[in-house]
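Worksheet for the structure shown next.
Quick note: the coordinates plus some simple rules give every number you see, no bench work behind them. Keep in mind the model is a prediction, meaning the values are calculated, not measured. Every residue, glycine among them, receives a Cβ derived from its backbone with ideal geometry; neighbour counts consider all protein chains shown.
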Amino acid sequence: MLDLVQIGDACGGLLPLVKVIYAAIKLVMIIIPIALIIYGTIDLGKAVIASDEKEVKSAQSRLIKRIIYAALIFFIPMLVGVVMNIVAVGEQGDTSSWSNCWNAVTDGEEGE
């Protein structure tokens, strides 16, 4: 288990901010699939009840677009991580200081 002092040292005093960012990302990763299922069900349900072929095709295209947008949102954390690995330079040329902080926060969250 990680010591809170070690996490604070890894984050350089930004521990509260990093925890908020991590919590927001976790929340988004839960809300997007639920919203996708609910809105897709509502749209397709309305189209089927209306018995209009044109409306069903329109609802299907909206559902496909929502799935694509949701997939893109899932890739944002990975994309940010890749970009940060490329451009982040810490003390003495250490490029992993930000990732040490992120890993310390995520490992600390899993242990709680």
Neighbourhood net charge (13 Å Cβ-Cβ; Lys/Arg +1, Asp/Glu -1) for Leu72: +2
Lysine pairs meeting the criterion (Cα under 23 Å, 8 or more apart or interchain), as found in the range 13-104: 6
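About the Cα centre of the range 13-104, what is the dipole size in debye to 20, counting +1 per Lys and Arg Cβ and -1 per Asp and Glu Cβ, all else neutral? It would help to have the intermediate numbers written out before the result.
Working: 8 positive and 6 negative charges, 53 e Å.
So the magnitude is around 260 debye.
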Can you pull out the trypsin sites (Lys or Arg not before Pro) in the range 19-67 whose DSSP state is coil and whose Cβ has at most 15 other Cβ atoms within 10 Å? none
For the range 13-104, build the charge dipole from Cβ charges (+1 Lys, Arg; -1 Asp, Glu) around the Cα centre, then report which of Leu17, Phe75, Val28 sits farthest towards its positive end. Val28
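Over its Cα atoms, what ratio of radius of gyration to 2.2 N^0.38 Å does the range 13-104 give?
Numbers: Rg = 19.8 Å, N = 92, 2.2 N^0.38 = 12.3 Å.
Dividing the Cα Rg of the range 13-104 by 2.2 N^0.38 Å gives 1.61.
Before anything else, pin down the relative contact order of the range 13-104: Cα pairs under 8 Å, at least 6 apart, normalised by residue count, whole percent. List each step's numbers first, then the result.
Details: 32 pairs, mean separation 19.2, N = 92.
Relative contact order for the range 13-104 comes out at 21 percent.
What's the local net charge at Leu63, with K and R +1, D and E -1, over the other residues with C-beta under 14 Å away?
My count for the surroundings of Leu63 gives +3.
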